[in-house]
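What follows is a set of notes on a single structure, which appears directly below.
The values are calculated or read from the model by the stated rules, or taken from the named source; none is laboratory data. Note that the structure is predicted; figures quoted are calculated from it, not measured. Quick reminder, even Gly has a Cβ in these numbers, built from the backbone with ideal geometry, and neighbours come from all protein chains shown. Heads up: the accessible areas ignore ligands, DNA and RNA and are worked out on the full protein's heavy atoms, side chains in. Shrake-Rupley method; radii C 1.70, N 1.55, O 1.52, S 1.80 Å.
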Amino acid sequence: MENKKILIVDDDENICELLRLYLSKEGFEPIVANDGEKAVEFTRLYFPALILLDIMLPKLDGWQVCREIRKFSTVPIIMLTAKGDTFDRILGLELGADDYVPKPFEAKELVARIKAVLRRTAVNDDVKIEMVSYENISINLTNYELKINGIQIDTPPKELELLYYLASYPNRVFTRDQLLDEVWGFDYYGDSRTVDVHVKRLREKLEGVSEKWCLKTVWGVGYKFEVK
């Protein structure tokens, strides 16, 4: 049975009620948490399909919540950020968020972004296993698992999708815009720095794993998964 639970994390009751109504109308099952501690608790309790996470929250702020959730879950997270605040967006992505929506937002647009993220992270059990392997690493897109030296490494969905895409085309160079189109999709509204943030986080995980391959920057162009 498809998971339709959406966890709304915001201390503004009017925003929560608006989102609850829109999401219910679209067939989702909204769950509301009004502070950061409840957000972490409800993620463990209800296993939502996606989290809408405001930054300014009581008890734990959105960044702390995102950091705590990423310790045990790869559930997609959309951060709700102040309009035009680049620092908030970049920090959220560095902590493992999958997307962001600036406030104030149109409820219809937010629902469309939720559906887009869920489409990108959906796994179809009927399709064949999509996996790429190299020395000391395997990237399984079907089960969303990254294993290094046989040990599973917690990896946010977008990081894993980016690594899988690059590793599927060894030694091929992709521009940031190409990666945004292929990994995030044409309906993504972010900028090319999103790719840089995700590559940085992947490099931290992959440092020293093998001398036979690496994530390489091609200056002035983009990135490639280099196999030596």
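Between ASN149 and ARG44, the contour length at 0.36 nm per residue exceeds the alpha carbon distance by 35.0 nm.
Taking only Cα atoms, what is the 0 to 90° angle, nearest 10, from helix 36-46's long axis to the longest principal axis of the chain? Roughly 80 degrees between the two axes.
Other residues within the sphere of radius under 10 Å centred on the Cβ of LYS59, judged by their own Cβ, net out at -3 (K and R +1, D and E -1). Its Kirkwood hydrodynamic radius, worked out from the mean inverse distance over all distinct Cα pairs, puts the range 1-112 at 13.7 Å. If you wrap the tightest convex hull around every Cα atom of the range 165-221 and split its volume per residue, you get 87 Å³.
Our estimate of slack between CYS214 and GLU106, defined as 0.36 nm per intervening residue step minus the Cα-Cα distance, is 34.8 nm. Accessible surface ranking for TYR223, TYR169, 1.4 angstrom probe, highest first: TYR169, TYR223.
Which entries in the list LYS115/LYS200; LYS4/LYS200; LYS71/LYS115; LYS103/LYS200; LYS5/LYS103 go over 29 Å, if you measure between the two C-alpha atoms of each? In this structure, LYS4/LYS200 lie more than 29 Å apart at Cα. Within 13 Å, Cβ to Cβ, of PRO76, how many net charges do the neighbouring residues add up to if Lys/Arg are +1 and Asp/Glu are -1? That sum, taken over residues with Cβ under 13 Å, equals +3. Of the whole protein surface, THR175 contributes about 50 Å² of accessible area at a 1.4 Å probe radius.
Under the shape rule built on the C-alpha gyration tensor, where the axes satisfy a ≥ b ≥ c, the range 3-65 is oblate, since a/c reaches at least 1.5 while a/b does not exceed b/c. Considering all C-alpha pairs of the chain, those separated by over 29 Å amount to 27%. Were the residues from ASN3 through LYS25 laid out at 0.36 nm apart, the gain over their Cα-Cα distance would be 6.3 nm. The figure for LYS71 is an accessible area of roughly 130 square angstrom, using a 1.4 Å probe on the protein chains alone. Counting only protein chain heavy atoms and rolling a 1.4 Å probe, the accessible areas of PHE225, PHE42 rank, largest first, as PHE42, PHE225. Relative contact order for the chain: what percent, with Cα pairs under 8 Å and sequence separation of 6 or more? Once divided by the residue count of the chain, the mean separation gives 14 percent.
Helix 193-206 versus the longest principal axis of the chain: what angle, 0 to 90°, nearest 10, using Cα atoms? Orientation of helix 193-206: about 60 degrees from the principal axis.
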